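Bear in mind these aren't lab numbers, they're just calculated from the coordinates by the rules spelled out. These figures come from a predicted structure and were not determined experimentally. Cβ placement follows ideal geometry from the backbone for every residue including glycine, while neighbour counts extend to all protein chains displayed.
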Amino acid sequence: MIPVLETVPNFSEGRDPDFVAAVRDAFLSAGCDVLHATMDPDHHRSVVTVVGEPGPVEDGAVAAARLALEHIDLRGHRGVHPRVGALDVLPFVPLRGMGMDDAVRSARRTGARIASLGLPVYFYAQASKPPRRTRASGRGGGFEALREGRGGCGEADLPGREADCPTVHRVAHPSAGAVCVGARRILLAWNVDVEGIAFAAARRIAAAIRETGGGFPGLRALAFHLPGQRRTQISMNLEDPGGTDPVEVFAAIERAATRLGGQVSGTEVIGMGPDALASSTSVRTLRIRDWSDERLLGPRVDAWLAARGG
């Protein structure tokens, strides 16, 4: 079987479609397939979903990192989403014919190549040593704290250097910050919109449902207010959508919003959806906007393999 690797780079640019088009072209030129791209002006963030064989995916990721370094200046960047880098997050996900160890090797190789561009690279999830370091361990305070040396405790790679907890203000790129490179399983990235409640109440809901607040296993959640879109959302990553049912998470948010006199108005899935969303009942219950079966990752990967005789 042809090995299939996914990467889902998150860039701190959500207002310039030409930049996202350039990223898409960089991956296509490397021999990858771009399955989906999304951008949000309030988050000031774009997410691109890419699949391919490991070599082309690694090459495309390095080319995309170079584009981010050249075109994104975080010193003037303002968005609601936390970030430490122009290319903020670069996860590698093994899909077919690969194991997690293979994805870790891709992450480590790519991280070393990105470091050679002059960008500090923080490894997280299965790519860190020891494994399972969270992204949050290197993101406290965002780019501004990283630049001033007040955040970013984690393993960093730079040309000719490795350290477990570097003195960040000496190594952070002045305009592009740092890159968080990881290896992980498929997750669900999604936002649930809530109406009729104060932002402080939305923050309390997010705190209650996330794993660190005693909520759902593998759930990370933050509340954001999007001023340009006049929306408040619970923004989440669900690390094991096969083990924790997204419908149950949605129901908990809906119950909490209703108790506070508000309501849930819908769901936005970022990037491709895991197979846990294959049920039409789940899609209807979650009220996913702009959904189609083309957004399911599994069938798209199967079609990609079939087209290549894999």
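Numbers at a glance
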quantity: Cβ charges +1 (Lys, Arg) and -1 (Asp, Glu), total dipole of the stretch 188-293, debye; calculated: 540 debye
quantity: Value of relative contact order over the stretch 188-293, rounded to a whole percent, pairs C-alpha under 8 Å and six or more apart; calculated: 34 percent
quantity: Estimated dipole of the chain in Debye, rounded to 20 [Cβ of Lys and Arg +1, of Asp and Glu -1, Cα centre]; calculated: 800 debye
quantity: Compactness index (Cα Rg / 2.2 N^0.38 Å), the stretch 170-244; calculated: 1.34
quantity: Using a Förster distance of 22 Å, the FRET efficiency for GLU211-LYS129 (Cβ separation, nearest 0.05); calculated: 0.45
quantity: The chain, helix-only ellipticity at 222 nm - DSSP H runs n ≥ 4, -39,500 (n - 2.57), divided by all residues, nearest 500; calculated: -9500 deg cm²/dmol
quantity: P(r) histogram, all alpha-carbon pairs of the stretch 188-293 included - 10 Å bins from 0, percent; calculated: 15, 53, 29, 2
quantity: Net length gained if the chain between ASP25 and ARG259 were fully extended (0.36 nm per residue, minus Cα distance); calculated: 79.5 nm
quantity: Computed over the chain, Kirkwood Rh from alpha-carbon pairs, angstrom; calculated: 19.7 Å
quantity: Hull volume in cubic angstrom per residue (convex hull over the Cα atoms of the stretch 44-143); calculated: 104 Å³
quantity: DSSP-defined beta bridges in the stretch 184-310 - what % are antiparallel, rounded to 5; calculated: 90 percent
quantity: Which of MET1, MET39 has the fewest Cβ neighbours within 10 Å, and the rest in rising order; calculated: MET1, MET39
quantity: Percent of beta bridges antiparallel (DSSP, the chain, rounded to nearest 5); calculated: 80 percent
quantity: Farthest positive-ward along the chain dipole, Cα basis, beta-carbon charges - from HIS71, ALA278, LEU119; calculated: LEU119
quantity: Cα-centred dipole magnitude for the stretch 6-90, charges only on beta-carbon of K, R (+1) and D, E (-1), debye, nearest 20; calculated: 340 debye
quantity: Förster radius 41 Å - calculated FRET efficiency between HIS71 and SER292 (Cβ-Cβ, nearest 0.05); calculated: 0.85
quantity: Contour excess over end-to-end distance, with Cα ends at ASP102 and ARG15 and 0.36 nm allotted per residue; calculated: 27.9 nm
quantity: Simple label model, 7 Å out from Cα along Cβ direction - SER175 to ARG308, nm; calculated: 3.5 nm
